[in-house]
Structure formats: C-alpha cells, structure tokens
1. Go through (1) closer than 24 Å to residue 204 by Cα; (2) touching a residue at least 40 places away in the same chain (Cβ under 8 Å); (3) assigned to a helix (DSSP H, G or I); (4) under 19 Å from the mean Cα position of the chain (by Cα) for residue 90 and report which single condition fails.
2. Just give me the residues in the stretch 290-307 being more than 17 Å from the chain's Cα centre (by Cα), in a helix (DSSP H, G or I) and either buried (at least 16 other Cβ atoms within 10 Å of the Cβ) or in contact (Cβ under 8 Å) with a residue 24 or more places away in the chain (or both), in sequence order.
3. Being at pLDDT 90 or above and farther than 28 Å from residue 386 by Cβ narrows it down to one residue among 300, 305; which is it?
4. Report, by residue number, each residue of the stretch 164-199 that is over 22 Å from the mean Cα position of the chain (by Cα), exposed (fewer than 15 other Cβ atoms within 10 Å of the Cβ) and either under 13 Å from residue 91 (Cα atoms) or at pLDDT 85 or above (or both).
5. What number of residues in the stretch 333-358 are modelled with pLDDT of 85 or more and either surrounded by fewer than 24 Cβ atoms within 10 Å (Cβ to Cβ) or not in a helix (DSSP H, G or I) (or both)?
6. Given the conditions (1) part of a helix (DSSP H, G or I); (2) surrounded by 24 or more Cβ atoms within 10 Å (Cβ to Cβ), which single one is not true for residue 44?
7. Need the failing condition index for residue 34 against (1) at pLDDT below 85; (2) within 16 Å of the chain's Cα centre (by Cα); (3) not in a helix (DSSP H, G or I), just the number.
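The values are calculated or read from the model by the stated rules, or taken from the named source; none is laboratory data. Owing to the predicted nature of the structure, the values given are computational and were not obtained by experimental measurement. When we count neighbours, we look across all protein chains shown, and the Cβ atoms used for this are built from the backbone with ideal geometry, even at glycine.
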C-alpha cells in the first residue's frame, strides 16, 4: 500500500503512475463492453429478438458520446482528479441501476446511463498526455491506450464467464463494485493538476466549435475515427449472434474468450505509441486502415472456419488500435491547453460512428446474416481509408 500511496505525491508521469492510469482506463472502459457477449442472454430475459437486443449496445455507445460531449470538456477548466472521482461514483450508481432492471425500457435507460457516466478514460488520457514529457507523449498515450484496449477486449471474456456462471445481473453488480473501489483509489493516487484555461461552461462549448472550424487535422481524425470505430463495433456487436448460431453453437463463456484473442493486437498499442514519436502518425493511420480492411476480408471469406475468424479478430484489433493511437497522437500535439476539448470532438465522433456501426451491424445481421455484417463493417473501414487517402492527396504533413 505504501508503494501506491507514493504515486499521488508526484506530478510527473512516472512508470508506476502510468501503469496505474493504464489499468484504471481498462477497468473503467470495460463497462461499455460487458453487455456484448451477454446480449442474447439479456434479450431472453425480456423476451426480445436479436435486433432489439442489439439496441442495448447501441444505447450504451450513444450514451458514451453524450457523456463525452457534456463532461470531457470540463477537464480543461476543472481539477481532473476530482472530476474523475465524481464520474466513477456516477458510473457505480448507473451500473446498479442496470443490474436491477425489471423492464426492457428500464434496461435501455440504464444502458444509456452507463454510457453517459463511463467517460473517465477520456479524461485520464489527456491527463497522461499533459504530464508526460513532450518527447514521450506518444509513448504515454500508447501505454494508456494499451490498458484501455486490453480492458475493452477482456471485458468480453470476463462478462462471458461470469454471465454463464451467475447471470448477467451479477456481472453488472460486480462492475459497480469495481467502480466504487476505483474511485477511492484514484482520488488518493492521481496528482492534482491546475487548469490553465479560464472559460465559462458556455464559452467552453463555443470554443469547441471554433476548434472544429480551424483545425483541419482534428476534422480529418474525427471522421476517420467515426468510420473506423463503426467497423469495429459492427463486428463485436454481432459476433455473439454468429457464434451462437449453427456454425459454432458456442455459449457465453466461449464467446467471451474471443476477447483474449484481440489482446494480441491491443498489446502492441504501446509499441505503436512509441513509433508515433518518430514516424509520421498520419502514415501509420493509412497502414493500419489497410489492416482493418484485411480483417474484414478474412471475416467474409474465412469466417466460418475458426482459424479464419481468429485471424480476422487479431487483424481488426491491431488495425483499429493502430489508427486510434496514431490519431490521438496527432490531435494532442495541436493545442496542449485544449486537450480535453480536442478529445471531446474526436471521441464523440468516434462513438457516434460506433453506435451507427452497432445498430447497422445488428440490422444487417437480422436480414442478411454474416455476409451483411461483413458488408457493413467492410464498407465503413473502406470509407475511413478513403477519407485518409483524400486528405493525403490534398495536403502533406
């Protein structure tokens, strides 16, 4: 315990503090993804079909976009440690609300609330970028993103295991307990930071519009992120239905284990972060976009074979996190004093795209099956690549 308490006394990004922030991001962001391997079970509880079950995932992502728009800009004007603590406690209450849902409308509302309150990782990431040395910002972002992406992927494994043994309600109750404990730890361990921006809440939002108008790199990154996360979400939202179907007939535990496969890709986030300190991150975005396209080619042609599906999962998670880390390295270098607002534009765009990918993926699955899912995800990935290519042809960085 003395080792952990020492972390809060430092205002520099030490390796120990960076590890704590990485783990915290992973634990917090997992709240958005626990439902994915449990969608079929949750749907059966309330007697709804796969398409209406998919709305649960969509509402969680829409809620996350709303929460980011409302709360993340506050990181530029309020002390980040207190803001993170309050939001974690709000997530605790939302998860309790979800775990005790008695009707489908209650479940939908609770899923939206979980999304709205699960925004602390997007305050921790700018905090890491802020206190990191300028020549180590990419490494810091990559390390925190590695923790975040590992949390996203392991969330499915943990949820599948606990959901099959004890039911989906126990999973969300467990998540609520973790958020309460994390709020206590981070309040005592994170460094206190001072805001360098003196704006009112209304002025803060006005300045976001000005940033969008003035920063072309921000607009490009946000658009790429929206389509790329849409491609990512279309796959993970419908994977449960595919694996439960006649090709595999897997239960929640085996479905959740697919999250472990993606950790191979997420583990390289810190490596890509280091590369962005030395290699043009825009070039990395192009390369990683091609990797995502290859993943959907694998899903379409080889998805009915387990090895082909595994190959696609590794490529999808590797490509997505490569685009994401490289995009964030670009936007955080634009205006250091506006890190939270830049992140707001970027992440709101990303998760709006993710929510569209989820609902379109679920609808395509219901109508056309696995080929429909591949068409939606592959089209969104291709659009992201074309956005990157178009901007690269008109402007060099």
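1. Only one criterion is unmet by residue 90, namely (2).
2. Narrowing the stretch 290-307 to residues more than 17 Å from the chain's Cα centre (by Cα): 290-291, 293-307.
Filter once more, so that each one left must be in a helix (DSSP H, G or I): 290-291, 293-302, 306-307.
Once the filter is applied, which keeps residues that are more than 17 Å from the chain's Cα centre (by Cα), in a helix (DSSP H, G or I) and either buried (at least 16 other Cβ atoms within 10 Å of the Cβ) or in contact (Cβ under 8 Å) with a residue 24 or more places away in the chain (or both), the stretch 290-307 yields 290, 291, 293, 294, 295, 296, 297, 298, 299, 300, 306.
3. Details: 300 fails: farther than 28 Å from residue 386 by Cβ.
None of the others qualify; the one that does is 305.
4. 165, 166, 170, 184, 188 - these are the residues of the stretch 164-199 that are over 22 Å from the mean Cα position of the chain (by Cα), exposed (fewer than 15 other Cβ atoms within 10 Å of the Cβ) and either under 13 Å from residue 91 (Cα atoms) or at pLDDT 85 or above (or both).
5. Within the stretch 333-358, residues that are modelled with pLDDT of 85 or more and either surrounded by fewer than 24 Cβ atoms within 10 Å (Cβ to Cβ) or not in a helix (DSSP H, G or I) (or both) number 2.
6. Unmet condition: (2).
7. Single failed check for residue 34: (1).
Each row is one residue, and each column tells you yes or no for (1) modelled with pLDDT of 85 or more; (2) crowded, with 24+ Cβ neighbours inside 10 Å; (3) more than 19 Å from residue 363 (Cβ to Cβ).
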| residue | (1), (2), (3) |
| --- | --- |
| 6 | no, no, yes |
| 12 | no, no, yes |
| 15 | no, no, yes |
| 53 | no, yes, no |
| 70 | yes, no, yes |
